[in-house]
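Colleague: Handing you this structure, nothing more for now.
Computed from the coordinates by the stated procedures, all read-outs in this text should not be read as laboratory data. Given the structure is predicted, the values throughout are model-derived calculations rather than measurements. Note: ideal-geometry Cβ built from the backbone for every residue, glycine included; neighbour counts use all protein chains shown.
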Amino acid sequence: TRHPHSPTEQQLAQIWQRVLNLDSIALDDNFFALGGDSILAIQAIAQANAIGLHLTPKQIFQAQTLAELAALANTIEAIAAPQGKVTGAVPLTPIQHWFFEQNLADAHHWNQSLLLEVRQAIDLKILARSIAHLIAHHDALRLRFHVSEAGWQQVHADSQICL
């Protein structure tokens with residue numbers, strides 16, 4: 001059994017250990033044979049990127065062993081693409097088109113909601129700021145659907161929230 005030696009191999013091994021909840025990883029271990037799946041692969045890639053090892057999800061599917069993946073790490077340049085706040089209308093996705101074509105009497109019944117119960121007092125101003133930052137950062141959370149003469153459309157709304 002070959003063990004990780006280079007810094008890149010050791011860093012990737014530590015990430016795999018955390019993501020896969022294993023005590024040790026050998027160079028020839030296959031991520032998917034160890035119990036990895038597509039969701040865990042994305043988590044591993046995100047952790048690798050966070051420490052400067054630039055990898056893509058496609059690479060972990062092509063280079064499934066620790067040794068193969070470590071050899072690819074840092075061979076691609078990270079592209080920094082700053083993005084401002086997205087505004088305006090955007091096209092519906094195919095599944096959104098399908099949903100609105102159903103002409104459901106109560107389409108709003110398909111809304112997703114969440115109720116959290118807390119055991120301690122919460123400062124509502126801090127909660128509101130936290131939610132506002134979350135909504136401002138994740139553009140999809142600001143999408144609102146409207147029907148017009150042209151049909152259904154989705155528009156990025158303001159990030160104003162009311163608690």
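Colleague: Nearest 500 deg cm²/dmol is fine: what mean residue ellipticity at 222 nm does the chain get from its DSSP H runs of n ≥ 4 alone, each adding -39,500 (n - 2.57), divided by its residue count?
Modeller: Value at 222 nm, helices only: -11500 deg cm²/dmol.
Colleague: What longest range of the chain stays clear of loop-exposed trypsin sites (Lys or Arg not before Pro) (DSSP non-H/G/I/E/B, at most 15 other C-beta within 10 angstrom)?
Modeller: By the stated rule (loop sites, at most 15 other Cβ atoms within 10 Å), 3-84.
Colleague: For the pair Asp158/Gln10, report the inter-label distance in nm, with labels modelled 7 Å from Cα in the Cβ direction.
Modeller: Output for this residue pair reads 5.3 nm.
Colleague: Could you tell me the calculated FRET efficiency between Glu68 and His138, based on Cβ-Cβ distance and R0 = 41 angstrom, to the nearest 0.05?
Modeller: Once rounded, the FRET efficiency stands at 0.75.
Colleague: Here is a follow-up. Does anyone have the angle between helix 124-137 and the longest principal axis of the chain? Alpha-carbon axes, 0 to 90°, nearest 10?
Modeller: The two axes meet at around 70 degrees.
Colleague: Search the structure for amide H atoms under 5 Å from the amide H of Ser6, placed 1.01 Å from N in the peptide plane, and list their residues when 5 or more places away or on another chain.
Modeller: Hits under the 5 Å cutoff: none.
Colleague: Next question, about the same structure. Can you check what the net charge comes to around Pro4, using other residues whose Cβ is under 12 Å from the Cβ of Pro4 (Lys, Arg +1; Asp, Glu -1)?
Modeller: Computed value for this residue: -2.
Colleague: Place a label point 7 angstrom from the Cα of Thr87 along the Cα-to-Cβ direction, then list the residues of the stretch 127-158 whose backbone nitrogen is under 13 Å away.
Modeller: 156-158
Colleague: Within the stretch 100-163, report the GluC sites (Glu not before Pro) that DSSP leaves as loop and that have at most 12 other Cβ atoms within 10 Å.
Modeller: The qualifying sites are Glu117, Glu149.
Colleague: Select from His156, Trp110, His133 the residue farthest towards the positive end of the dipole of the stretch 88-156; place +1 on Cβ of Lys and Arg, -1 on Cβ of Asp and Glu, and compute about the Cα centre.
Modeller: Ranked along the dipole, the leading option is His133.
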